[in-house]
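Just so it is clear, none of the values below were taken in a lab; they were calculated from the coordinates. Note that the structure is predicted; figures quoted are calculated from it, not measured. Counting neighbours? That spans all protein chains shown, and the Cβs are built from the backbone with ideal geometry, glycine included.
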Amino acid sequence: MIRQTSCIIARTSDPCRNLAIEKHLMDTLPEQTAILFLYRSENAVTVGRNQNPWYECNVEEYLESGGIITRRLTGGGTFYQDAGTLNFSVILPKTELHAPHQLALAARAVTSLGLPVQPGPGAALMTDGRIFCSNAFYKAGSTALHNGNLLINPDMEQMGKALLPGGKRFRGQERPKVDALYTGLCDQLPTLTPDMLEEALYRAFADQYRCQSVWLDEQMFSGSSLESTAESFQNPEWVYPEALPYNFVVDERFPWGSITVMLQQENGIIRASRIFSDAMEAALFDRIQQALTGCPYLIGAIGTRFEQRLGLIKDPRLLQMAGDVCKLICGRIRAMDRHGN
């Protein structure tokens, strides 16, 4: 049960520093506490924890234009951020994280301003048939994190240059335009400002937890620690996947998200594995990668390894996802063997 709440607004628009603050809040969260963190990160793209930036962004062109690409802790899809967007994070105990409950926070804030809200694909929220809010989640230890990215008046032209809408799932197809998928809230409420939406989010947060929030300031935190953590979010080794000679690739779109599995198999052994996905369950794919690495490149061995390494999972949804990934890999191997590849 949440007994106390806090709120903090970032002092800068540095996306990596804001991610560092978010991680610090997770690492130091007091018991029975929920924290609302509001921030704006100019000219940035954050990819989900298991995404490949090269599949989601026009990387070179965007970096040359002065943009910043980094990787979040949370799973989910890619967030575009500029002066016309508002980001929020809710840090709370893992036992208190319920996705519908969390999504209601942003929906309540926007409807209080007089705009209609509908559920969108995945964990998105929509108005007028297009997405204005993307969301993502992450759990670590006893703590959970909910990210939200609210589009108020984003630069749609720059957003279109930065993102490959839909990422790899539209490979080989004509990609839909950004403004066909997303909308800024100012399209329906021209007078809306980020400050107004911040206030609406704060009120919705206070109503949701029925607590008067204590205001925090990032100057209360260790500056050197934040700088070190921010540097880690800028590290190319964190942002971009290692370029290994993978010789097995399969991808698919499931109801729970898109996935690409890449394996490096040599002499009948899987020497390395990498999974890219926009699914919310970020930690699951680390476990699958660990299960695959070192496994014989045989259908029976892969199935057994999944059972052994993932057998302790109790969540039916996670078990279904792991089963889908196993069937995808084994089905691809079977098809390759049938065609003599």
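Scanning the stretch 113-124 for residues that are in contact (Cβ under 8 Å) with a residue 60 or more places away in the chain and under 30 Å from Glu31 (Cα atoms), which turns out surrounded by the most Cβ atoms within 10 Å (Cβ to Cβ)? Per the stated criteria, the residue is Ala123. Residue count for the stretch 113-160, restricted to those that are under 16 Å from Gly84 (Cβ atoms) and either in a strand (DSSP E or B) or of a type in the set (Gly, Ala, Ser) (or both): 11. Residue check: Leu19 meets all listed conditions (1) under 13 Å from the mean Cα position of the chain (by Cα); (2) over 22 Å from Ser213 (Cα atoms); (3) not aromatic (Phe, Trp, Tyr) but one, namely (2). Ser273 - would you say it is surrounded by 15 or more Cβ atoms within 10 Å (Cβ to Cβ) and among the small types (Gly, Ala, Ser)? Spelling it out, Ser273 is indeed surrounded by 15 or more Cβ atoms within 10 Å (Cβ to Cβ) and among the small types (Gly, Ala, Ser).
Yes/no per residue for (1) closer than 30 Å to Ser13 by Cβ; (2) touching a strand residue (DSSP E or B) at 6+ places or on another chain (Cβ under 8 Å); (3) not hydrophobic (A, V, I, L, M, F, W, C):
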{"position": "Val250", "(1), (2), (3)": "no, yes, no"}
{"position": "Gly257", "(1), (2), (3)": "yes, yes, yes"}
{"position": "Leu284", "(1), (2), (3)": "no, no, no"}
{"position": "Glu307", "(1), (2), (3)": "no, no, yes"}
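Just one of the listed residues (Tyr182, Tyr202, Tyr209) is within 25 Å of the chain's Cα centre (by Cα), closer than 21 Å to Gln158 by Cβ and aromatic (Phe, Trp, Tyr), namely Tyr182.
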